[in-house]
Amino acid sequence: MEIFSIYLTGVGGQGIGLLSEVLLRAADHAGHQVKGVDTHGLAQRGGIVVSRIRFGKAVYSPLTGGRSADLGISLERHEALRSLQTAVKEGGTMIYYDAVWQPLGVRLGAGGCADEAIIEAEGKSREIRVIRVLNPAVKDPRMQNMALLGEIDRNNLLPEIETEHIKEAMTDLMEGEMLEKNLRLFSTGKP
Amino acid sequence: MKKLGELLLTREPFSEIVMGNTALVRAMIEAGTRVVASYPGSPTPEIAAAIRSIPKEKRPFYFEFSTNEKVATELCYGAAVNGHLSTVFFKSVGLNVAADTFVQLGLMNIIGGMVVVLGDDPGVNSSQNEQDNRHYARLSYTPVLEPADPAEVYTFYKAAARLSQEKHMPVILRLTTHVCHAKQRVEFDRWSQEPPDNTPKFDPDNGPYIPIAKAVFPLKRRALQRLEEVRKWADESLLNRLTDNGNKSRGIITAGLPFLSLMESLREVCGEKPNILKLGVVHPIPKETIENFLADHQEVKILEELDDFLEKEIKSMAYDEGLDVRIIGKTDPEDWLEEYTPDKVYAVMQRTWPELLAPRSPDAKGKSEVSPRPAQLCPGCGHRSAFYAIKKALAETDITVADIGCHTLGFLPPYEMGQLLMCMGASPGMAAGLSLFNDSRRVVAFLGDSTFFHAGLPGIINSVFNRHNFTLILMENGTTAMTGHQPHAASGSNFNGPAEKIPVRQVLEGLGVRHIFEVDTYQQAKLTGMVKEAVETDGFSVVIARHPCMLKFMREQRKKPGYKSRQVDIDQEKCRRIQECIAEFGCPTFTQYPDGRIEVNPDLCIGDGSCIRTCPAEAIGIPHIAEEPVEG
């Protein structure tokens, strides 16, 4: 593998930052050269948050180009659809947590609403494998990121990164009860 | 892993994954920086977040958020002429605010050294323009170093600090958004803390420090002479890097983040790769290095983000030296726009040398439409209640003037409050101008509380002094919310601890503002009434529309033991689908289902209840503790 690009997206407040940092550090623990970058201009105000992680033998820019990501990860369904259209390459994979944070246009009934079937069809049209994750046992929306991370690992979506590397990364970033809870959810899918 | 604060103070060499902004703070520590100041603005606030991670008593330097970028610059200059290495940092347009002071720095003998860290924003991620601050460097005879990634941020800062200390002149470290926010593993050196020397070393004999009339000429001569010395230094500097691909005909000169994008684009080269000269010193440009590079090639492309700064310098150098080389600069107006991402650079290089890279066809449209997601005010935001209420008080023909802050977002639907925007603190001045020869359209300006102190006061004073006729709505949320909740003069604390509040109302009263109204924005009907009264009042009036930032408030609440989340709910029996909550109040919490039913999104609602009185059908229920226990 020369280089692997991840395009991670969601809405400000969904916990993209932690998920991105875990992926970055997991790639590092696995011995890859890795670079990442978050774009968070107005994200805190309910806008789109984008994080990019690139790892492999020689990584120059942390930025990915349009439709070049090997793996798209989204914490929200409209952003999953947007990523499918703009960021993930043909033959790549898109995994998303099916949370719904409706954009204003959708709330106003102006169209552009995403659902499971639309996302599935969009993936098919460009030969992108789509994986939907929804875990009703996860009540705290701020834990959805770790529920998704568990599924990313169980589906072996991160080449040359082992489960242990992800756990090491989580241990770097969290401690105590918070670490335990997140590790449990990550490993078992149960909060 | 160690906590960030401990990590930054590690004595032994170490390596860690950090963002550019964090790497900068370690560089400040190793370089022996003593005084640092800023005003918050993207992409630089995380520099302050890294500084905050070091407990105040262990911090090897003084840091403050000043009231604006100009004051921060003056503070750092004062400290530096007293012998302390200082650093001021702020966003791109912050330099416009600081400019009156900044342009003088190059004339001065800055004995302690001073680094000016700029966070430029190509691509306009979070600014009102994408100005190229290298132009200020020419204007002020200031050297500029430009790193491409976090590892270079670290080494370039240390080089900038040394250069500044040696030459007693200011040095700019120019970062851009995705250099500040990029993350990678960085190797750090040892930190051998020297005992601080607190002797005030200011001596007028190191000057003159009074630039006035003819006294300026010797200072300007010295500034120009220093710049020539730096040009020679730049020629020997290891900050410039040559990538020799053995190409005899084609070369590329570039700098900063575009270099990384270029390296990505060249992965796809068909045939021989051009040689690359990456400049670390972009002003003054290293003469000999560039001349040699030009002489070695038949064609040289200048690949630079934003304006044609290097291109002009390099072309004039080639002209002076009579070099026979084709220099290709910007060839299309699009070359002046946006961030030089790998895609952008690919397109620019493909247009430059069409056979070098295969043309790419534009992406086909997606199969289905997806709604755009503009930024919006948070659930419970006091500004939402304010805009909702104020809109009801105004006529469609009235003119609303926005300012910088979270409340800028009021210009978006559904509120559409704010029809002009300029820069920090510009709204009172623009509103005053709009009120002249105007008896028919009332003028209302918005201003945030941090901006009130930053640059709003002169416009307010002018409105009192020159008896202007408009209403200013002061959106007081107690913090600098947009950039991550930094304290301001009315917050009750500064970066380093508690500080006496300077209440905005008392300031306004002291200035002689006669008509002051004040209300919590959740009292929407009262606010509507007050604004109606204010705009009918002759002269300058101020409405203080107050509510604490709920994002900050909720973060504090969630940390408290026994915290339980609260939510409102919708009584589906009472709901008549008027959609006031969605279409007029516009809280993102309200979700509309395909069948037209409206529900509350439990992931978003904070149970503040500011929506309750907006529902004409009284279908929104009072906040209750969430039924499901929340883990976390």
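Values in this text are rule-based calculations from the coordinates and carry no lab data. This structure is a prediction, so every number in the text was calculated from the model and none was measured. Ideal geometry is used to build each Cβ from the backbone, glycine not excepted, and the neighbour counts take in all protein chains shown.
Counting, for every residue in B:373-383, the Cβ atoms of other protein chains within 10 Å of its Cβ and taking the mean gives 5. Inter-chain Cβ neighbour count for A:54-64, averaged per residue, equals 6 (cutoff 10 Å, partner chain atoms only). What FRET efficiency would be calculated for the residue pair B:LYS220, B:ASP320, taking the C-beta separation as r and a Förster radius of 22 Å, to the nearest 0.05? According to the calculation, E is roughly 0.50.
The GluC sites (Glu not before Pro) of the stretch B:396-499 that meet both conditions, a loop assignment by DSSP and at most 10 other Cβ atoms within 10 Å of the site Cβ, are B:GLU396.
For the stretch B:4-236, what relative contact order do you get, as a whole percent, if you take Cα pairs closer than 8 Å and at least 6 residues apart?
27
Applying the Kirkwood pairwise sum to the alpha-carbon positions of the stretch B:512-615 produces a hydrodynamic radius of 16.3 angstrom.
More than 18 Å apart: what percent of Cα pairs in the stretch B:250-347 qualify? Tail of P(r) above 18 Å: 43 percent of Cα pairs.
So for the stretch B:373-449, considering every pair of alpha-carbon atoms, how many percent are separated by more than 19 Å? Tail of the P(r) past 19 Å holds 33 percent of the pairs. Here the stretch B:382-552 is treated as a sphere whose radius is the Kirkwood value from Cα pairs; by Stokes-Einstein at 10 °C and 1.306 mPa s it diffuses with a coefficient of 101 µm²/s. Calculated on the Cα set of chain B, radius of gyration then Dmax: 27.4, 84 Å.
Dividing the summed -39500 (n - 2.57) terms of all DSSP H runs of n ≥ 4 by the residue count of chain B sets its mean residue ellipticity at 222 nm at -9500 deg cm²/dmol.
For the peptides B:522-533, B:327-338, what is the packing order when you average, over each peptide's residues, the other Cβ atoms within 10 Å and list the highest mean first?
B:522-533, B:327-338
When the alpha carbon gyration tensor of the stretch B:86-210 is reduced to an equivalent ellipsoid, its three semi-axes come out at 26, 21, 11 angstrom, largest first.
Calculate the mean, over all residues of peptide A:105-115, of how many other protein chain Cβ atoms lie within 10 angstrom of the residue's Cβ. All intermediate terms of the calculation are to be shown ahead of the outcome.
Values: counts 7, 5, 14, 8, 6, 3, 4, 6, 7, 4, 2.
That average works out to 6.
For the residue pairs A:LYS57/B:LYS91; A:LYS139/A:LYS181; A:LYS124/B:LYS365; A:LYS89/A:LYS190; A:LYS167/B:LYS3, the alpha carbons lie more than 23 Å apart in A:LYS57/B:LYS91; A:LYS89/A:LYS190.
Taken as Cα centroids, the stretch B:63-111 and the stretch B:132-172 sit 14 Å apart, rounded to the nearest whole angstrom. The packing ranking, built from the mean of other Cβ atoms within 10 Å per residue, places the peptides B:513-521, B:344-352 in the order B:344-352, B:513-521, highest first.
Among rounded, prolate and oblate, which fits chain A when a ≥ b ≥ c are the square roots of the eigenvalues of its C-alpha gyration tensor, a/c under 1.5 means rounded, and a/b larger than b/c means prolate? Provide the component values of the computation, followed by the final result.
Working: a/c = 1.56, a/b = 1.19, b/c = 1.31.
Oblate, since a/c reaches 1.5 and b/c is not below a/b.
Among the trypsin sites (Lys or Arg not before Pro) within the stretch B:1-107, those in coil by DSSP and having at most 11 neighbouring Cβ atoms inside 10 Å are B:LYS3, B:ARG11. Annotation: amide H-H contacts under 5 Å for B:THR480 (H modelled 1.01 Å from N, sequence separation of 5 or more, or interchain): B:HIS485, B:GLN486, B:HIS488.
When each of B:PHE217, B:PHE495, B:PHE309, B:PHE387 is scored by the number of other beta-carbon atoms lying within 10 Å, the sequence from fewest to most is B:PHE217, B:PHE495, B:PHE309, B:PHE387.
Distance between the 7 Å Cα→Cβ label points at A:GLU116 and B:THR397: 5.5 nm.
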